[in-house]
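Participant: My structure is below; once you've seen it, I'll send some questions.
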Amino acid sequence: MSATLETTEHKALRSAVAALGKRHGRAYDREALWAEAAKLGYLGVNLPEAYGGGGGGIAELSIVLEELGASGCPLLMMIVSPAICGTVIARFGTDGQKQAWLPGLADGTRTMAFGITEPDAGSNSHRITTTARRDPDTGDWLLTGRKVFISGVDIADATLIVGRTEDARTGNLKPCLFIVPRDAEGFTRRAIDMELSAVEKQFELTLDDVRLPADALVGDEDAGLLQLFAGLNPERIMTAAFAIGMGRYALSRAVEYARDRQVWKTPIGAHQAIAHPLAQAHIELELARLMMQKAAHLYDAGDDVGAGEAANMAKYAAGEACVRAVDQSVHTLGGNGLTREFGLGSLITASRVARIAPVSREMILNYVSHQTLGLPKSY
């Protein structure tokens with residue numbers, strides 16, 4: 001079967017999650033929805049069955065997030081906890097780490113945040129300065145550094161922190177991932193005052209010689225970069241799902257309004273100036289979904305290189321489609337588009353997140369320029 005056509009199981013999952021989203025709706029309680037989605041097996045659908053998950057992949061998880069978003073109740077931490085952290089631990093974690101974390105991530109009783117972005121590094125992960133060094137006496141790790149724009153740290157049991165350790169052979173710093181418990185000594189957080197209206201808060205983190213046991217290091221010390229990218233492709237695919245869901249939600253509100261709103265003798269949706277931009281927004285969202293499905297298929301099939309290219313393209317396409325769909329939807333409603341009653345105004349800010357995070361559209365264009373088209377680097 002083509003990666004772009006959904007199986008019967010996928011259609012059934014989409015329908016079931018849409019029903020869940022409709023029950024909770026725009027006024028949803030995040031904790032209640034998280035708990036119910038977990039109980040129904042949706043949160044851990046991508047995690048191994050041996051640890052309580054559904055045994056599926058990112059394809060299934062992206063359907064869950066997209067449909068919840070399309071109902072107006074997206075769960076941002078799905079991108080982070082099961083998709084990034086769950087994937088990394090399932091693929092590279094030790095048996096002990098899998099036992100300790102995967103069942104809880106799957107049933108929603110445990111949540112994990114992900115910390116990679118730094119104030120001075122931005123999109124350049126090679127400039128990460130959070131460093132880990134060994135205590136020669138105990139074998140413990142000591143982690144020092146800062147992170148910024150980290151989602152949901154206050155509701156997460158731990159944060160998967162991307163740090164760097166010194167390579168004994170070359171002396172160069174190499175990336176490594178560490179599980180840092182929320183209450184670890186020296187691990188502090190400060191909420192960032194955001195204009196963004198979202199249930200999950202953003203934080204700046206400070207790690208001041210945070211002492212971690214040897215088994216806080218995820219997987220193999222020498223596989224750090226591989227492990228890191230294993231989490232970044234699902235992050236891009238899930239961000240695409242988040243954006244597509246948001247765009248669909250906005251578009252559905254606008255279409256409903258355009259069908260009913262009558263200023264002269266016909267509904268405003270009968271006029272091409274209203275109808276065509278909404279049709280265009282729908283087409284662009286559908287095209288973005290096709291690329292997201294391709295990326296998820298490639299990732300779940302184990303093609304990390306192919307998935308990297310497709311995931312970047314999917315994230316780009318979905319971010320652009322989402323911003324345009326939200327903008328056109330607000331415009332369709334006119335003044336009503338900015339009222340709390342219709343719930344579209346707050347999406348103007350939220351939709352831009354998909355253009356900015358987890359990687360900007362310009363960095364994706366750089367990636368496609370270099371990796372796909374073979375053009376020389378500008379930096």
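Participant: Which is open to solvent by less than 20 Å² (accessible area, probe 1.4 Å), in contact with a helix residue (DSSP H, G or I) (Cβ under 8 Å, 6 or more places away or on another chain), at negative phi and modelled with pLDDT of 95 or more, of LEU143, LEU76, LEU105?
Facilitator: LEU105
Participant: Kindly establish whether GLU60 is among the acidic types (Asp, Glu) and farther than 28 Å from PHE229 by Cβ.
Facilitator: When the stated conditions are applied, GLU60 does not pass them.
Participant: Looking only at the range 286-299, decide whether some residue is of a type in the set (A, V, I, L, M, F, W, C), open to solvent by less than 40 Å² (accessible area, probe 1.4 Å), at pLDDT below 95 and touching a Gly at 6+ places or on another chain (Cβ under 8 Å).
Facilitator: no
Participant: Restricting the first residue to the range 183-200 and requiring it to be surrounded by 13 or more Cβ atoms within 10 Å (Cβ to Cβ), which pairs with a second residue that is part of a strand (DSSP E or B) and acidic (Asp, Glu) meet a Cβ separation below 9 Å and a spacing of at least six or different chains?
Facilitator: GLY186/ASP208; GLY186/ASP209; PHE187/ASP208; THR188/ASP208; ARG189/GLU204; ILE192/GLU204
Participant: On to the next question. Name the residues in the range 220-258 that are within 18 Å of CYS73 (Cβ to Cβ) and in contact with a Pro (Cβ under 7 Å, 6 or more places away or on another chain), would you?
Facilitator: Listed by number, the residues that qualify are THR239, PHE242, GLY245, MET246.
Okay, residues lined up against (1) open to solvent by 60 Å² or more (accessible area, probe 1.4 Å); (2) farther than 22 Å from ARG324 by Cβ:
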{"residue": "ARG340", "(1), (2)": "yes, yes"}
{"residue": "SER346", "(1), (2)": "no, no"}
{"residue": "ILE356", "(1), (2)": "yes, no"}
{"residue": "ARG361", "(1), (2)": "yes, no"}
{"residue": "LEU365", "(1), (2)": "yes, no"}
{"residue": "VAL368", "(1), (2)": "no, no"}
{"residue": "TYR379", "(1), (2)": "yes, yes"}
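Participant: Answer yes or no: is there a residue in the range 33-42 that is farther than 28 Å from SER346 by Cβ and open to solvent by 10 Å² or more (accessible area, probe 1.4 Å).
Facilitator: Yes.
Participant: Pick out, from the range 112-168, the strands (runs of 3 or more DSSP E) lying fully within it that include 1 or more residues that are free of Cβ contacts under 8 Å to residues at least 40 places away in the same chain.
Facilitator: 131-134, 158-166
The values are calculated or read from the model by the stated rules, or taken from the named source; none is laboratory data. Everything numeric in this text was worked out from a predicted model, so none of it was measured. Every residue, glycine among them, receives a Cβ derived from its backbone with ideal geometry; neighbour counts consider all protein chains shown. Side chains are part of the model used for accessible areas, which takes the heavy atoms of the whole protein and leaves out ligands, DNA and RNA. Shrake-Rupley method; radii C 1.70, N 1.55, O 1.52, S 1.80 Å.
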